[in-house]
Amino acid sequence: MTKPVFRFAPSPNGHLHLGHALSALLNARAAVALSGRLLVRVEDIDQARCTPGLELEMFEDLAWLGLTWDEPVLRQSESFPQYRAALERLQDMGLVYPAYLTRAEIRKHVAGFEANGGGWPRDPDGAPLYPGDAAVLSGRDIAERADSDAPFALRLDMKQALERIGRPLTWLEAGAEGEALFDPAVPVTADPAAWGDVVLARKDTPTSYHLSVVVDDARQGITDVVRGKDLYHATSVHRVLQELLQLDAPVYRHHRLILGEDGRKLSKSNRDTSIRSLREAGMSHAELRRRIGL
């Protein structure tokens with residue numbers, strides 16, 4: 001019987017916080033309980049924000065938490081050829097198109113539509129679905145942007161992708177709140193159309209989270225994904241890409257989030273309390289575990 005393989009995949013673009021500690025420790029606990037392996041993946045595609053110094057401090061925090069993992073560590077910055085190959089496969093299927101609207105143009109178009117009493121569809125994260133270049137730009141404008149090497153995003157044509165798959169998609173979700181390790185996995189119906197035409201890459205960024213995560217999970221033989229509930233709905237997108245690229249789908253467990261006093265999830269961008277600062281303030285490993293409910 002194949003041993004289960006888990007992964008913890010942080011980004012070294014800031015210091016890890018309590019939410020990362022929960023996810024890392026749950027992955028480690030699951031690997032031990034199920035006699036599996038734990039891998040660490042460094043999601044450092046954004047090389048402007050992800051630095052070697054932050055990566056070193058991230059590993060120091062994980063070691064302080066008591067984590068051990070199998071080597072080697074996979075770094076996404078060293079994996080661009082694999083993402084490019086996956087993107088080219090999707091392009092060869094005719095499922096990827098360049099999109100030239102800027103974020104500001106999308107916001108303006110949607111705001112104008114809603115100001116006239118219309119309701120614009122939004123994805124599960126609350127972002128407006130992409131309207132399509134032709135809804136805002138003339139054919140001449142689109143051609144000029146293409147000829148002038150303007151910035152663009154490469155988007156998945158979700159409608160065509162789902163038509164190509166030709167059947168409803170599901171994923172396997174195991175464990176109440178992601179923490180009951182021995183509960184049976186049950187199928188969950190995916191709703192990829194709710195995300196519209198998701199971004200797979202940009203002119204200056206060779207891959208997106210959605211594309212890289214499914215490629216990396218398959219490359220590393222990940223059998224079980226334990227991650228926060230904020231990524232629950234994104235699993236629908238991942239299932240589409242897995243089907244199109246003929247990649248195995250892991251079993252998923254989406255765990256509770258650690259929330260701040262204001263009720264929002266913790267975030268590096270909001271400078272929420274980091275593991276490092278708590279360590280420096282004298283918090284013990286046992287105290288941290290109690291604070292996050294472990």
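Sub-6 Å Cβ pairs linking a first residue in segment 126-147 that is over 14 Å from H109 (Cβ atoms) to a second residue that is modelled with pLDDT of 95 or more and of a type outside the set (D, E), at least 6 apart or interchain, are R145/Y100, ordered by first then second residue.
Being within 11 Å of the chain's Cα centre (by Cα) and crowded, with 22+ Cβ neighbours inside 10 Å is the filter here, so list the residues in segment 211-234 that pass it. Talk me through it step by step, then tell me what you get.
Of the residues in segment 211-234, the ones within 11 Å of the chain's Cα centre (by Cα) are 211-214, 227-228, 230-234.
L211, S212, V213, V214 - these are the residues of segment 211-234 that are within 11 Å of the chain's Cα centre (by Cα) and crowded, with 22+ Cβ neighbours inside 10 Å.
Candidates in segment 254-284 are the residues that are of a type in the set (G, A, S) and on the phi > 0 side of the Ramachandran plot; of these, the one that is modelled with the highest pLDDT is G282.
Conditions (1) of a type outside the set (D, E); (2) within 26 Å of H233 (Cα to Cα), marked per residue:
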{"position": "H109", "(1), (2)": "yes, yes"}
{"position": "G112", "(1), (2)": "yes, no"}
{"position": "R122", "(1), (2)": "yes, yes"}
{"position": "A127", "(1), (2)": "yes, yes"}
{"position": "S138", "(1), (2)": "yes, no"}
{"position": "D141", "(1), (2)": "no, no"}
{"position": "R155", "(1), (2)": "yes, yes"}
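L54 meets all of the listed conditions (1) touching a Leu at 6+ places or on another chain (Cβ under 7 Å); (2) over 28 Å from G196 (Cβ atoms) but one, namely (1).
Of everything in segment 171-199, what is assigned to a strand (DSSP E or B), surrounded by 15 or more Cβ atoms within 10 Å (Cβ to Cβ) and either modelled with pLDDT of 95 or more or touching a Ser or Thr at 6+ places or on another chain (Cβ under 9 Å) (or both)? Give them in sequence order. The answer is W171, L172, E173, V188, V199. Every listed requirement among (1) more than 25 Å from R290 (Cα to Cα); (2) free of Cβ contacts under 8 Å to residues at least 40 places away in the same chain; (3) among the β-branched types (V, I, T) is met by I45 save one, (2). Among the residues in segment 8-21, are any surrounded by fewer than 20 Cβ atoms within 10 Å (Cβ to Cβ) and touching a strand residue (DSSP E or B) at 6+ places or on another chain (Cβ under 6 Å)? Scanning segment 8-21, I find at least one residue that is surrounded by fewer than 20 Cβ atoms within 10 Å (Cβ to Cβ) and touching a strand residue (DSSP E or B) at 6+ places or on another chain (Cβ under 6 Å), so the answer is yes. Going by what's in this entry, would V32 be described as over 21 Å from S208 (Cβ atoms), hydrophobic (A, V, I, L, M, F, W, C) and without any contact (Cβ under 8 Å) to a residue 60 or more places away in the chain? For V32, the condition - over 21 Å from S208 (Cβ atoms), hydrophobic (A, V, I, L, M, F, W, C) and without any contact (Cβ under 8 Å) to a residue 60 or more places away in the chain - is met. Consider segment 94-119 and keep the residues that are surrounded by 14 or more Cβ atoms within 10 Å (Cβ to Cβ) and among the hydrophobic types (A, V, I, L, M, F, W, C). The one that is farthest from the chain's Cα centre (by Cα) is F113.
Those residues that are within 22 Å of H17 (Cα to Cα) and in contact (Cβ under 8 Å) with a residue 12 or more places away in the chain, I need them from segment 235-263; list them, please. R253, H254, H255, R256, L257, I258, G260 - these are the residues of segment 235-263 that are within 22 Å of H17 (Cα to Cα) and in contact (Cβ under 8 Å) with a residue 12 or more places away in the chain. When R140, R164 are checked against the criterion of being surrounded by 10 or more Cβ atoms within 10 Å (Cβ to Cβ) and among the charged types (D, E, K, R), a single residue qualifies: R164.
The values are calculated or read from the model by the stated rules, or taken from the named source; none is laboratory data. Keep in mind it's a predicted model, so treat the numbers as computed, not measured. FYI the Cβ positions are ideal-geometry reconstructions off the backbone, even for glycines, and counts take in every protein chain you see.
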